[in-house]
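The values are calculated or read from the model by the stated rules, or taken from the named source; none is laboratory data. Bear in mind that the values here come from a model prediction, so they are computed numbers and not experimental data. Using ideal geometry, Cβ is built from the backbone for each residue, glycine included, and neighbour counts are taken over all protein chains shown. For the accessible areas, the whole protein counts, side chains as well, though only heavy atoms, and no ligand, DNA or RNA atoms are used. Shrake-Rupley method; radii C 1.70, N 1.55, O 1.52, S 1.80 Å.
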Amino acid sequence: MKISRKLEAFIFDLDGVITDTAEFHYLSWKRLADEEGIPFSRKDNEQLRGVSRRRSLELLLKGKELPEKKMQEMMDRKNGYYRELIKTITPDNLLPGVEEILEYLKEKGIKMAIASASKNARPVIKNLGIEDMFDTIADGYSVQKTKPAPDLFLHAAKEMGVEPPACAVVEDAESGIEAALAAGMLAIGIGPEERVGKAHYRYDQVADIELEKILEVSEKV
Ligand code: BG6
Ligand code: MG
């Protein structure tokens, strides 16, 4: 389904869209799972995209209940592994096409935001050297209800002073596409059909996004 609207802002998810930190999240959860003797595969990891640290652990535990203290320790341990990995990030870790898209949108005067469920979004953005590109950075501290709730995207739109229907969201997570649709925004999915097939537009990677076409359709409104 294609829809038309005049776009004034682009909201980007971070992990798995701007940079491949989705892999770092996976490696960190995998290390924890191996230490705990919990089976955890790349396929299992698909469900963890876009969801909060606590929800990720709940999914990893597949319904098994543990004392809160143990849950906290496991989340802290995973986060420690993740923090080590993101220290290695440099501008070379921008995914193909990202720099070009950000520069193109900036030139067109379109507002831009990051909306990530991660509490580590700011250090990642800083290491990538792109913090000055964005009008707003919404992260895991910005709202209470995480994706698939629309709250994070609505917060980013409000911060930019743009109405939700004038925003496009670029997302690699099923939960993120659901959140964008719930916010009444144009959803651009990055990844396979089974993950982001509900989006208005879907591409295998960011470099494939037909930006001119999407903007042209929006300008005809
Ligand atoms: C999202 C990732 O952006 O952030 C999830 O897609 C991750 O995989 C979530 O669990 C929370 O991240 P953090 O850094 O706060 O643990
Ligand atoms: Mg993501």
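Numbers below:
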item: Residues of the stretch 168-205 that turn out to be in a strand (DSSP E or B), within 16 Å of ligand 1 (Cβ to nearest atom) and touching a residue at least 60 places away in the same chain (Cβ under 8 Å), as a count; result: 4
item: Qualifying positions in the stretch 104-129 - more than 10 Å from ligand 1 (Cβ to nearest atom), in contact (Cβ under 8 Å) with a residue 12 or more places away in the chain, on the phi < 0 side of the Ramachandran plot and open to solvent by 10 Å² or more (accessible area, probe 1.4 Å); result: Tyr104, Lys106, Lys108, Ile110, Lys111, Arg122, Asn127
item: Pairs where the first residue, in the stretch 12-30, is within 23 Å of Met74 (Cα to Cα) and more than 9 Å from ligand 2 (Cβ to nearest atom) and the second is open to solvent by 10 Å² or more (accessible area, probe 1.4 Å) and polar (S, T, N, Q), C-beta under 6 Å, 6+ apart; result: Tyr26/Asn45
item: Condition check for Ala156: over 20 Å from Gly109 (Cα atoms) and within 16 Å of ligand 1 (Cβ to nearest atom); result: no
item: Single unsatisfied condition, Val124 versus (1) of a type outside the set (Gly, Ala, Ser); (2) closer than 24 Å to Ile177 by Cα; (3) not in a helix (DSSP H, G or I); result: (3)
item: Failed condition for Glu46, given (1) within 23 Å of Val170 (Cβ to Cβ); (2) away from ligand 1 (no atom under 12 Å from the Cβ); (3) of a type outside the set (Lys, Arg); result: (2)
item: Residues that are open to solvent by 10 Å² or more (accessible area, probe 1.4 Å) and of a type in the set (Phe, Trp, Tyr), drawn from the stretch 130-156; result: Phe134, Tyr141
item: Verdict on Gly176 being more than 21 Å from Val217 (Cα to Cα), open to solvent by 50 Å² or more (accessible area, probe 1.4 Å), out of contact with any His (no Cβ under 9 Å at 6 or more places or on another chain) and outside the structural domain of Arg55 (by TED's automatic domain parsing); result: no
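Rundown of residues vs (1) within 20 Å of the chain's Cα centre (by Cα); (2) modelled with pLDDT of 95 or more; (3) more than 9 Å from ligand 1 (Cβ to nearest atom); (4) open to solvent by 50 Å² or more (accessible area, probe 1.4 Å), yes/no style:
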position: Ile3; (1), (2), (3), (4): no, no, yes, no
position: Glu8; (1), (2), (3), (4): yes, yes, yes, yes
position: Phe12; (1), (2), (3), (4): yes, yes, yes, no
position: Ile18; (1), (2), (3), (4): yes, yes, yes, no
position: Arg31; (1), (2), (3), (4): no, yes, yes, yes
position: Leu59; (1), (2), (3), (4): yes, yes, yes, yes
position: Lys70; (1), (2), (3), (4): no, yes, yes, yes
position: Tyr82; (1), (2), (3), (4): yes, yes, no, no
position: Ile86; (1), (2), (3), (4): yes, yes, no, no
